[in-house]
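Comments concern the structure below.
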Amino acid sequence: MTEADVAPPMPSTLELDNRAEVQALRLQRRVMLIAALVIVLAWISISSLLWLRRQDAIDNQFQQNANLARAFEEQTERVLEASNQATLRARDGIASGRAEPDDLVRFANETGLAPKILAQLAWLDVSGRLVATNLDPAGKKSAGIDLSGRDHVRIHLSPQSMPLLAPLAQPDDLYISTPVLGKVSNKWTIQLSRRITDPRGRLLGVVVASLDPSYFEEVFRRVDLGREGGVTLIGHDLVIRARVIGGKAAKQGAALPPNSAFALQALGKEEASLIGYGSVDGVARLVTSRHTNKYPLYLLISVGQDEALAHWRNAAIATVVLTLLLSLLITAAAAGLVSSLRRQERSTAALRRSEAQAQAANQAKSEFLAAMSHELRTPLTSIRGFAELMEQRLEDPKFRKQAGLIRKGAEHLSTLLTEILDLAKVEAGGMRLNQEVVDPRALLQGCADFFAISAGNKGLDLQVRIDETLPATLNCDSLRLKQILNNLLSNAIKFTTEGSVTLSAEMQPGCIVFHVDDTGPGIPANVQQTIFEKFRQAHALISTEHGGTGLGLALSRGLAELMKGQLSVHSKLGHGARFTLSLPIQPR
């Protein structure tokens, strides 16, 4: 027995299990890593998207605030401009000496704001005492009332005594005061005051237009900015002139602290957007401020941050819940996949162990058969040699015949051992093919000639048919091809009692096909596949009637598959059988 007779050693079951376990662990780690990566990327993407959507919601709210601020700016400036024009007419008329106290009524009415918005238009003398108002032109009730202590009067009569407020006056001497309680009207009003001078610049007095801040509050209240949102009219001095929060008027005259977000971020800017916190309620608000075009006032539009982001928050909660569910689903799927991989690995390991055990048993069997075959060949060769010698030298015909029977038995047993050894090699993967250039016509004719005497002894017509398209040479293992064809011819002649046996070959696309046809009894359909199994024949009587071990067809199919071909049978009872061997054409 040579090294080629024994298959190469297989890895042990423990080695295979260890390799498989390492591969399974790597695969499981990859699955969990991929799942974790997908979850992390999903959360990063969702977080980024939610943050961008939040910023979009804030920016959209700031834009809406800015639009409202522009609208309120126009409305506020119309009122202030109309009131300012009344003070200018009164100032010019008084300075020129053409205006009388009764003209104050006309000046106020021409604005279209009196008496609801323009509560009062007053004329004060150089000492700060009332001369007349549009409500009391004759001065019967109000004349002589001293208003010199009011800031909006002092800033014109003695600006040197008010260095902090003097810069707040407009270049044309218009001053807009904080809300004050009028001594005449007994109402909270915002004062627009202006000094009166003659053509030589001598101070003659002050004209004052009193605006009712409730008008601004009523206008601001018409816009629904939520429970925490509102509109504020505030001056450069940070004093609130009018304010509505949550649809309700807030306290007038309050001042924002110098360290407020508005004072730090928006004061001095034409328009600004910021997030501020209420000094009283601590509520975070989205605030947009806009400076009026002509006057030292700002309009602040604010919306509670929680209310502004309510829709975004609802969408964010739904998105987070869905992402959480997706994460749980991915985690569950990954865990299920890992569990499935573990079960599959356990099942595969069990199959691998079974396969390894079967391969080990098969290899042991093959080694045993090879060893037994080797051990039996030597005595068989001796028996065969002595039988031939006796057959040739014995003179008694009876003894010579008996010696011939011994020789034939030894030859048959040697053939069986060869088949067993070849089959063991094929199953163990130890069979090696010897590719060579072969003349197919000569090979087929040689096979037919080998069985010509056997066929003739049974009265059978042995025919050979070769297609003209068959190439002159083939690249194959001629020994194994002969072995297959000889097995098929041997079976055909063995089971055919009359008629013919035909060996033929033809070309088909990509392969060469060999047929062995006989006119024997045929093979039942239910056993046409089992006859290719080891030690299996069509029925039990065959081995009794015709002999044989049932190894020939099993070996032939194994050799055909080793040559990357196929061996099949087509038969009907009473109509003979056709065995077909198809082999791929090998390049030379």
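A compact table of results
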{"read-out": "Estimated 222 nm signal from helices in the chain, with DSSP H stretches of n ≥ 4 weighted -39500 (n - 2.57), rounded to 500", "value": "-17000 deg cm²/dmol"}
{"read-out": "Relative pair counts by distance (%), Cα atoms of the range 433-584, 10 Å bins", "value": "11, 43, 36, 10, 0"}
{"read-out": "Efficiency of FRET from Cβ geometry, Glu533 and Glu506, R₀ 25 Å, rounded to 0.05", "value": "0.30"}
{"read-out": "FRET efficiency for Ala525 and Ser45, using Cβ-Cβ distance with R0 set to 51 Å, rounded to 0.05", "value": "0.20"}
{"read-out": "Order of Glu436, Glu345 - criterion: other Cβ atoms within 10 Å of each residue's Cβ, fewest first", "value": "Glu436, Glu345"}
{"read-out": "Calculated from backbone phi, Karplus (6.51, -1.76, 1.60) coupling profile of the range 559-565 in Hz, x at Gly/Pro", "value": "5, 4, 5, 5, 8, 6, x"}
{"read-out": "For the range 63-181, average projected area of the Cα convex hull in nm²", "value": "8.9 nm²"}
{"read-out": "For semi-axes √(5λ) of the Cα gyration tensor in Å, calculated from these coordinates, the label among (1) 127, 24, 18; (2) 40, 27, 24; (3) 79, 26, 15", "value": "(1)"}
{"read-out": "Overall form of the range 217-308 per C-alpha gyration tensor (a/c, 1.5; a/b vs b/c)", "value": "rounded"}
{"read-out": "Ranked Leu481, Leu181, criterion: other C-beta atoms within 10 Å, fewest first", "value": "Leu181, Leu481"}
{"read-out": "Cut-off under 5 Å, modelled amide H: who pairs with Leu297 long-range", "value": "Thr292"}
{"read-out": "³J(HN,Hα), Karplus 6.51/-1.76/1.60, whole Hz, each residue of the range 279-289, x for Gly, Pro", "value": "6, 9, 8, x, 6, 6, 9, 8, 10, 10, 10"}
{"read-out": "Ranked Tyr277, Tyr215, criterion: other C-beta atoms within 10 Å, fewest first", "value": "Tyr277, Tyr215"}
{"read-out": "Amide H partners (placed H, <5 Å) of Leu204, local residues excluded", "value": "Ile196, Thr197, Asp198"}
{"read-out": "Label-zone membership for the range 514-530, site Ser568, 7 angstrom Cα→C-beta point, backbone N under 12 Å", "value": "none"}
{"read-out": "Amide H within-cut-off set for Ala249, under 5 Å, with H built and near neighbours excluded", "value": "none"}
{"read-out": "Under Karplus coefficients 6.51, -1.76 and 1.60, residue-wise ³J(HN,Hα) of the range 128-133 in Hz, glycine/proline x", "value": "x, 9, 5, 9, 6, 9"}
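No value in this document is a laboratory result; all are computed from the given coordinates. Note that the structure is a prediction, hence the values are computed from the model and not measured. In this analysis, Cβ positions are derived from the backbone assuming ideal geometry, glycine residues included, and neighbour counts consider all displayed protein chains.
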